[in-house]
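Working notes, beginning with the structure itself.
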Amino acid sequence: MKKRQIEQYVQHGFGALSVPPLSEEVLDACEESPPSPPKITHFRRYIAMSVAAALVLTVIGGAMISHFSRRDTPLPLASKTETVVSLDVNPSVSISMDKEETVLEVRALNADGEAILAKTDWKDRSLNDTVDALVDSMVEGGYLSDTANSVLITIDNDDDTYAQTLQQQLTDEVIGTMADKQVEGAVLSQRVVKDDELKALADAHGISLGKAALVRRILEADPLQTKTFESLATLPINDLHLLTEKIALPAVHGRGHASERAYIGRERATAAALAHATLTADAVTELEAEWDCENGVLCYEVEFTFESTEYEYLVHAVDGTILKAEKEADDRPESTVRPTEIRTTAPTKVTIPTKASVPATTIAPVTTVTSTTPATSTTMKSTTLTTTTVVATTATKAMPITAEQAREIALRHANVPDLSIRVDIRTRNQGGHIRYALEFQYRGVEYEYLIDAANGDILSFSSERDD
Amino acid sequence: MLTVYLTSVANSTASPDLDDLLDRVRQGDRDALQRLYEAISKEVYGYALSVVQNEHDAQDVLQDSFLSIVHGTKTYRPQGKAKAWIYTIVHNRCVQVLRTRQKTTPLSEEDEQGWIDDRIPCTTEDRLALSACMNRLSDEERQIVVLHAVSGFRHREIAQILHLALPTVLSKYSRALKKLRVILEKGDTA
């Protein structure tokens, strides 16, 4: 059975699903202008959670309303409430206080916040003790650890001076509590002034006002608008903290360093980019690696220059995948391409590492070979680093096959006369041997080739009619 | 008939300019919202169902997502990536549902029977493919298959929506199709 046929069955099966009509509530929300905070419907869950909340109220007789389905609504500033402090990690909670800093209420702002509140006794505690208890629960619950150690503190109070004092006081408290748990903490703190736009942003993305404010501030400090709100809104606070390292955010105070232990590190990211470009650190200049975010994925932005050509890479922070690659040569128009579409626009000088595998933190000695490949268009896919070492190209032959040459070999073998058709090419490292995996379609037939980069041999190929 | 139907599905999801519809929704145009819903609700619902695996939760996700979309249009900047933006919202809603749910209720054949709209022609193979996706694939495999085969996303786009590495998406998709091929050729999901 052909792949396309299976996909059609799936498509048709899901296409037959019965879908309910759009609710009047949503249609009515469309006409509201200017936008008001959304009334989250949650239909069945709303009812279930309401019942659950009523039971909780009955049992404990308290005023706590851990009503998750209403987390997106503005904080309920009761008449006595003077200040609202929110803590964001992944769990998000808010603490309402009166003028005497008596804790009136602690609310969960998301599901993980619910889990933390369930384990935290905050009643009759001071603000500092409440923060201690919450942070303690977050460490115990694994939300704060050596690999994710950042907390965002947001103060909602009209008095800027008081808010700043509180930011410092609570930062000390959080850092101290985490130190007691043998975790080196990091804190971002800010004062937030609510506005309609901020509320709409928080509502639309299901995040706290504090996180929405932080994301908006990061975007405001990004004049080139290289990021979007939705891509940053999904990141945990630790990742946002890493992104703020090189950004001046006057309204946000930072203490400590966000943990990088969950990620591959700048050196491996740099090595991955250099390996993709078949260059070495010795051969390039202006080498830099900084944190960045691409479509909700934390990554390293690696930049370097080689012979008047500037290279820019985005490398996945967790697995080393090349997410994006650009290069711009002097006196040539800029080419911005995805890793699936890297185009070689000029004869390229290729440096070939002589070792099959080198540690990620070291660069192998190189020999330099100048390719005389004519200017052509080459399409390549991303390279993934899944181990702790960066595997470099094996130079067992005098001249390895380039991706463009592999492309021509495959197209000629398939008797495709049009050499300009789109071909997806991925490089694979199989036991130290570099191979090109090529896929293309021509006249309703899907072709797949595996070509040895050392000598151009076709190691395997298949063709399947796409009917 | 199959070809005709698939063509109509493809056209219904691809034709409208989503950025234009979102802009009109931002201005309070109910008709535009209705058109947007008609254009993508089926595939969005299919994706939500593939994630939360519960008809009622999927309906909640669908309605909640559209409410978020309505409010999100106030800050949405058209970049030609409207569909990816919409799916990010839907995905986040699904994740929230899964977080709040204590346990997953196992699916039954009766559940699946109720999902099908009887007015839409659906072959035995179509039902088998739907059932196999829901019951025999891993969570990630199922989501990747639906995003590619039903929603029409490229694997690179799926990697971004699901926050997975591209090679992971490719390998899981390949593995999922092999499973589906075996099931469809045998003709049962047992």
List pairs: first residue in region B:123-152 and more than 10 Å from chain A (Cβ to nearest Cβ) and closer than 14 Å to B:Lys42 by Cα, second residue among the hydrophobic types (A, V, I, L, M, F, W, C) and in a helix (DSSP H, G or I) anywhere in the structure, Cβ distance under 7 angstrom, at least six positions apart or on different chains.
B:Leu147/B:Ile158; B:Leu147/B:Ile161
So A:Gln441 ticks every box in (1) at pLDDT 70 or above; (2) surrounded by fewer than 20 Cβ atoms within 10 Å (Cβ to Cβ); (3) under 25 Å from A:Ala271 (Cα atoms) but one. Which box is left unticked?
(3)
All but one of (1) in a helix (DSSP H, G or I); (2) more than 18 Å from A:Thr154 (Cα to Cα) hold for A:Asp222; which doesn't?
(1)
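Report yes if A:Gly176 is touching a helix residue (DSSP H, G or I) at 6+ places or on another chain (Cβ under 9 Å) and surrounded by fewer than 21 Cβ atoms within 10 Å (Cβ to Cβ), otherwise no. Quick ask: steps written out before the conclusion?
On the way: touching a helix residue (DSSP H, G or I) at 6+ places or on another chain (Cβ under 9 Å): yes; surrounded by fewer than 21 Cβ atoms within 10 Å (Cβ to Cβ): yes.
The answer is yes for A:Gly176.
Identify all residues within region A:246-260 that are in a loop (DSSP other than H, G, I, E, B), among the small types (Gly, Ala, Ser) and on the phi < 0 side of the Ramachandran plot; write none if there are none.
Scanning region A:246-260 gives A:Ala248, A:Ala251, A:Ala258, A:Ser259.
Name the residue that is modelled with the highest pLDDT, counting only residues in region A:234-258 that are closer than 28 Å to A:Thr280 by Cα and crowded, with 17+ Cβ neighbours inside 10 Å. Quick ask: steps written out before the conclusion?
Restricting attention to region A:234-258, the residues satisfying the condition of being closer than 28 Å to A:Thr280 by Cα are A:242-243, A:245-246.
Adding the requirement that they be crowded, with 17+ Cβ neighbours inside 10 Å leaves A:242-243.
Details: A:Leu242: 93, A:Leu243: 90.
The extreme case among them is A:Leu242.
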Would you check if there is a residue in region A:261-283 being of a type outside the set (Val, Ile, Thr), in a loop (DSSP other than H, G, I, E, B) and within 14 Å of another protein chain (Cβ to nearest Cβ)?
yes
Just checking, which of A:Leu109, A:Leu117 is in contact with a helix residue (DSSP H, G or I) (Cβ under 9 Å, 6 or more places away or on another chain) and under 19 Å from A:Thr177 (Cα atoms)?
A:Leu117
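Please tell me if B:Ala84 is at pLDDT below 90, outside any loop (DSSP other than H, G, I, E, B) and either under 12 Å from B:Leu18 (Cα atoms) or β-branched (Val, Ile, Thr) (or both). Spell out the reasoning first.
On the way: at pLDDT below 90: yes; outside any loop (DSSP other than H, G, I, E, B): yes; either under 12 Å from B:Leu18 (Cα atoms) or β-branched (Val, Ile, Thr) (or both): yes.
Yes.
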Failed item in (1) surrounded by fewer than 22 Cβ atoms within 10 Å (Cβ to Cβ); (2) in contact with a helix residue (DSSP H, G or I) (Cβ under 6 Å, 6 or more places away or on another chain); (3) outside any helix (DSSP H, G or I), with A:Ser189 passing the rest
(1)
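The values are calculated or read from the model by the stated rules, or taken from the named source; none is laboratory data. On a predicted model such as this, the values are computed, not experimentally measured, just so you know. Cβ atoms come from the backbone with ideal geometry, glycine included; neighbour counts cover every protein chain shown.
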